[in-house]
Amino acid sequence: MLDLSRLSCIGVCLRDATVAYKDRVALIEANRHRENARWTYAEYRRDAERFAALLQSRGFAAGDRIALLMQNQARWLISATGAMWSAAVLVPLDYKLTAPEQVSLLAHANPKVLVTDYAIWQRMRRDERAAAVFENIQVFVVGAPENARDTLAPAHAYELPESAEGFTYKESARDDVACIVYSSGTGGTPKGCLLTQKNYLSQAEVLGNLYPMAEGDRYFSVLPTNHAIDFMCGFCLPLMMGGAVVHQMTLRSEYLAATMQRYGITHIALVPRLLKALKEKLEEKLDDLPGWKRAIIDRLIDVNEMATLRGPNHKLSSKLLKPIHDGFGGKLRLIFAGGAFCDRAVSEFFNRLGFPVVIGYGLTEACTVLTLNDLKPFRADSVGAPIEGVELELRDKNAAGIGEVWVRSPTVMKGYLDEPELTEEAIVDGWLRTGDLGTMDAAGHLTLVGRAKNMIVTEGGKNIYPEDIEAVFGDLDDCEESCVFAANYIWPAQTMVGEKLVLVLRLTREQKGEVPEKLLASLRRHNRKLADFKRLSGIVVWSEEFPRTASLKVKRQVLATEIRGALTKDAVQPL
């Protein structure tokens with residue numbers, strides 16, 4: 001039984017693990033069909049202490065911030081651990097954002113140190129604000145080619161000292177901020193969630209007891225480590241419990257399967273989009289089988305489903321459906337799905353094959369998850385029941401029993417960085433307003449049906465706030481004003497899948513309701529500049545002035561209500 005109630009911080013847990021499991025493998029780094037490197041727990045500790053010594057030799061003090069901006073790799077975890085042992089505040093950033101977005105978040109977070117990839121550094125340093133932003137940030141660049149190291153300035157190549165001489169181990173307190181995690185982009189107000197050591201310890205204790213990892217288990221880190229799920233399930237928990245974390249430098253499907261087979265992966269976390277892609281590939285392979293063989297497998301799948309109704313049985317499933325399980329390495333026991341709503345058909349498909357999908361619900365502001373399905377029995381029709389320590393209420397319910405989800409939990413953030421007003425809006429009397437709409441059944445399971453707030457979550461698990469997109473479409477010829485919405489916010493569809501972004505336009509009087517080709521071309525050009533998951537799917541032409549507050553902010557809810565009353569979803573013109 002995992003009990004973290006008396007420990008002060010995650011760093012203590014990791015340090016204890018490096019002693020308890022010192023000879024076991026902690027980290028493996030692969031690239032396509034070959035292995036780059038591996039670390040035992042003792043070697044992982046050695047390198048983390050060397051990085052901490054490097055930080056401290058450059059004046060890094062307890063409470064200072066360090067930003068981590070790179071692809072999944074061992075250095076991410078080693079650097080984070082060394083920083084934790086210096087009582088640092090981590091700022092995990094998304095390497096998939098654009099360079100201007102990354103620079104803006106660094107300006108907002110104001111870290112003392114940044115560790116980043118060479119390619120990302122090359123892009124960021126070309127940003128017009130780079131000189132000012134990086135003036136007071138010490139930058140360490142991972143993977144810089146030997147012939148480019150002289151051109152990194154003002155950054156330094158990531159090189160660990162030969163020893164940890166000068167390193168002093170420091171512990172954070174439970175109420176100290178552990179991470180600043182951004183839940184939005186940069187066009188609007190950057191929302192840096194202040195998550196404490198207590199938040200993470202509380203979450204790790206519950207998840208570690210629900211889904212414990214054994215010594216020697218191996219977690220395949222596919223989601224970006226800045227993602228809340230991978231930070232907890234692909235960093236903290238495996239290394240606290242004696243497991244190994246496997247990183248793969250390419251995420252092409254053919255190499256993923258090979259890595260899972262080579263290393264006997266037992267746990268993996270995927271966003272619904274990746275799960276769906278895996279399902280489609282498996283279905284294609286099954287459809288290509290001879291009829292008699294397919295009939296036998298279908299029967300075995302039915303038998304497995306009946307035999308595991310009360311709970312997973314990996315030993316049985318891997319024998320009944322051995323060829324399918326061998327394709328994933330033969331040892332895969334759990335798939336964690338999160339970051340977005342998981343389609344019921346997808347999770348049921350994998351469960352029937354003996355790959356139980358742990359469905360949950362959470363948000364950055366509450367660390368990782370708030371509700372989970374414990375698989376006893378498996379249910380794909382909900383996002384599970386509140387986990388231990390979480391109080392959940394549905395407020396302002398309508399006649400159908402649909403209400404906004406409010407939660408109170410030891411995992412709820414301290415607030416938003418430097419945003420007291422946003423914090424007061426989000427946390428009321430200790431309760432976090434999630435902005436999500438749902439119903440609760442008699443068994444206490446939550447089913448999500450939509451969102452009360454104007455925010456979209458993609459199938460890839462990305463949070464997109466309309467303000468971020470509006471910054472890109474700010475100045476448009478032939479347009480008086482514009483506003484971005486999630487389509488399901490304007491026309492509620494009581495679904496959590498297939499959400500799209502639309503731009504509501506009020507044209508100049510000269511245009512008389514017709515969108516000129518010049519404006520359409522400009523919209524499409526701007527749209528292509530956005531990351532694919534942020535792109536608009538269509539536009540809506542609106543003739544009335546946008547309702548605004550005294551401070552001239554658009555009253556989004558009022559505008560959405562007006563549009564809903566006058567137009568149907570058919571009014572959306574594809575972009």
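Please determine, by comparing only the residues of segment 235-262 that are in a helix (DSSP H, G or I) and modelled with pLDDT of 95 or more, which one is nearest to THR196 (Cα to Cα).
The first filter runs over segment 235-262 and keeps only residues in a helix (DSSP H, G or I), leaving 235-240, 253-262.
Still in the running and modelled with pLDDT of 95 or more: 235-240.
Working: PHE235: 16, CYS236: 14, LEU237: 16, PRO238: 20, LEU239: 19, MET240: 18 Å.
Among those residues, the one meeting the criterion is CYS236.
Kindly check whether there is at least one residue in segment 212-234 that is surrounded by 19 or more Cβ atoms within 10 Å (Cβ to Cβ), more than 22 Å from the chain's Cα centre (by Cα) and either touching a residue at least 12 places away in the same chain (Cβ under 8 Å) or not in a helix (DSSP H, G or I) (or both). Walk me through how you get there before you give the answer.
Start the filter on segment 212-234 by keeping residues that are surrounded by 19 or more Cβ atoms within 10 Å (Cβ to Cβ), which leaves 213, 217-234.
Next, only the ones that are more than 22 Å from the chain's Cα centre (by Cα) stay: 217.
Pick out the ones that are also either touching a residue at least 12 places away in the same chain (Cβ under 8 Å) or not in a helix (DSSP H, G or I) (or both) and you get 217.
Within segment 212-234, one or more residues are surrounded by 19 or more Cβ atoms within 10 Å (Cβ to Cβ), more than 22 Å from the chain's Cα centre (by Cα) and either touching a residue at least 12 places away in the same chain (Cβ under 8 Å) or not in a helix (DSSP H, G or I) (or both).
From ALA37, ALA48, ALA61, grab the single residue that is in the same structural domain as LEU201 (by TED's automatic domain parsing) and either charged (D, E, K, R) or surrounded by 22 or more Cβ atoms within 10 Å (Cβ to Cβ) (or both).
On inspection, the qualifying residue turns out to be ALA48.
Within segment 415-443, count every residue that is surrounded by 18 or more Cβ atoms within 10 Å (Cβ to Cβ) and assigned to a loop (DSSP other than H, G, I, E, B).
1
In this structure, does TYR255 turn out to be farther than 30 Å from VAL484 by Cα, more than 20 Å from the chain's Cα centre (by Cα) and surrounded by fewer than 22 Cβ atoms within 10 Å (Cβ to Cβ)? Step through it out loud before you land on a result.
Working: farther than 30 Å from VAL484 by Cα: yes; more than 20 Å from the chain's Cα centre (by Cα): yes; surrounded by fewer than 22 Cβ atoms within 10 Å (Cβ to Cβ): yes.
Taking the combined requirement at face value, the residue satisfies it.
Among PHE485, PHE533, which is the only one that is modelled with pLDDT of 85 or more, under 27 Å from LYS276 (Cα atoms) and among the aromatic types (Phe, Trp, Tyr)? Walk me through it before giving the result.
Working: PHE533 fails: modelled with pLDDT of 85 or more.
Selected residue: PHE485, the only one of PHE485, PHE533 that is modelled with pLDDT of 85 or more, under 27 Å from LYS276 (Cα atoms) and among the aromatic types (Phe, Trp, Tyr).
Scan (1) under 30 Å from LEU392 (Cα atoms); (2) over 26 Å from the mean Cα position of the chain (by Cα); (3) not small (Gly, Ala, Ser) for the single condition ILE359 breaks and write down its number.
(2)
Six or more apart or on different chains, Cβ atoms under 7 Å: show the pairs whose first residue is in segment 276-290 and of a type outside the set (Val, Ile, Thr) and whose second is surrounded by 11 or more Cβ atoms within 10 Å (Cβ to Cβ) and outside any helix (DSSP H, G or I).
LYS276/ASP343
Considering only segment 50-64, I want to know if a residue exists there that is within 22 Å of GLY242 (Cα to Cα) and of a type in the set (Asp, Glu).
no
Please enumerate the residues belonging to segment 308-323 that are of a type in the set (A, V, I, L, M, F, W, C) and either farther than 25 Å from HIS267 by Cβ or modelled with pLDDT of 95 or more (or both). Walk me through it before giving the result.
Of segment 308-323, the ones of a type in the set (A, V, I, L, M, F, W, C) are 309, 316, 320-321.
Answer for segment 308-323, where residues must be of a type in the set (A, V, I, L, M, F, W, C) and either farther than 25 Å from HIS267 by Cβ or modelled with pLDDT of 95 or more (or both): LEU316, LEU320, LEU321.
Residues are listed down the side, and each one gets a yes or a no for (1) small (Gly, Ala, Ser); (2) in contact with a His (Cβ under 7 Å, 6 or more places away or on another chain); (3) not assigned by TED's automatic domain parsing to the domain that holds ASN373:
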| residue | (1), (2), (3) |
| --- | --- |
| SER221 | yes, yes, yes |
| ASN226 | no, no, yes |
| MET232 | no, no, yes |
| MET241 | no, no, yes |
| ALA244 | yes, no, yes |
| LEU251 | no, no, yes |
| LYS293 | no, no, no |
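Scan segment 184-193 and tell me whether some residue there is part of a loop (DSSP other than H, G, I, E, B) and either at positive phi or modelled with pLDDT of 95 or more (or both).
The answer is no, given that none of the residues of segment 184-193 is part of a loop (DSSP other than H, G, I, E, B) and either at positive phi or modelled with pLDDT of 95 or more (or both).
Within segment 144-152, can one find any residue that is touching a Phe, Trp or Tyr at 6+ places or on another chain (Cβ under 9 Å), among the aliphatic types (A, V, I, L, M) and assigned to a loop (DSSP other than H, G, I, E, B)?
Our first condition is that a residue be touching a Phe, Trp or Tyr at 6+ places or on another chain (Cβ under 9 Å); within segment 144-152, this holds for 144-145, 148, 152.
Retained after the next criterion (residues that are among the aliphatic types (A, V, I, L, M)): 144, 148, 152.
After this cut, where a residue has to be assigned to a loop (DSSP other than H, G, I, E, B) as well, the list is 144, 152.
Yes: segment 144-152 contains one or more residues that are touching a Phe, Trp or Tyr at 6+ places or on another chain (Cβ under 9 Å), among the aliphatic types (A, V, I, L, M) and assigned to a loop (DSSP other than H, G, I, E, B).
Give segment 18-73 a look and list any residue that's closer than 14 Å to PHE140 by Cβ and among the β-branched types (Val, Ile, Thr), or say none.
ILE66
Name every residue in segment 464-479 that is of a type in the set (D, E, K, R) and at pLDDT below 75, in order of residue number.
Result: GLU467, ASP468, ASP475.
Name every residue in segment 1-52 that is over 24 Å from LEU201 (Cα atoms), in a loop (DSSP other than H, G, I, E, B) and not charged (D, E, K, R), in order of residue number.
Selection gives HIS33 alone.
Determine if segment 75-93 includes at least one residue that is part of a helix (DSSP H, G or I), of a type in the set (A, V, I, L, M, F, W, C) and over 20 Å from TYR158 (Cβ atoms).
no
For LEU55, indicate whether it is in a helix (DSSP H, G or I) and either out of contact with any Asp or Glu (no Cβ under 7 Å at 6 or more places or on another chain) or not assigned by TED's automatic domain parsing to the domain that holds VAL19 (or both).
Answer is yes for this residue.
Might you let me know whether segment 332-347 holds any residue that is of a type in the set (S, T, N, Q), out of contact with any strand residue (DSSP E or B) (no Cβ under 6 Å at 6 or more places or on another chain), in the same structural domain as LEU437 (by TED's automatic domain parsing) and surrounded by 16 or more Cβ atoms within 10 Å (Cβ to Cβ)?
no
Quick one: LEU275 ticks every box in (1) under 25 Å from the mean Cα position of the chain (by Cα); (2) modelled with pLDDT of 95 or more; (3) buried (at least 20 other Cβ atoms within 10 Å of the Cβ) except a single one, so which number is it?
(2)
Would you mention how many residues in segment 272-322 are of a type outside the set (A, V, I, L, M) and outside any helix (DSSP H, G or I)?
7
Look at segment 354-367 and say how many of its residues are farther than 16 Å from PRO272 by Cβ, buried (at least 22 other Cβ atoms within 10 Å of the Cβ) and of a type outside the set (Asp, Glu).
Total satisfying the criteria: 3.
Starting from residues that are surrounded by fewer than 23 Cβ atoms within 10 Å (Cβ to Cβ) and not basic (Lys, Arg), keep the ones in segment 64-86 and report whichever is farthest from SER221 (Cα to Cα).
ASP64
List pairs: first residue in segment 98-125 and assigned to a helix (DSSP H, G or I), second residue among the basic types (Lys, Arg) anywhere in the structure, Cβ distance under 6 angstrom, at least six positions apart or on different chains.
ALA99/ARG123; VAL103/ARG129
The values are calculated or read from the model by the stated rules, or taken from the named source; none is laboratory data. Keep in mind the model is a prediction, meaning the values are calculated, not measured. Here Cβ is always computed from backbone atoms with ideal geometry, including for glycine, and neighbour counts include all displayed protein chains.
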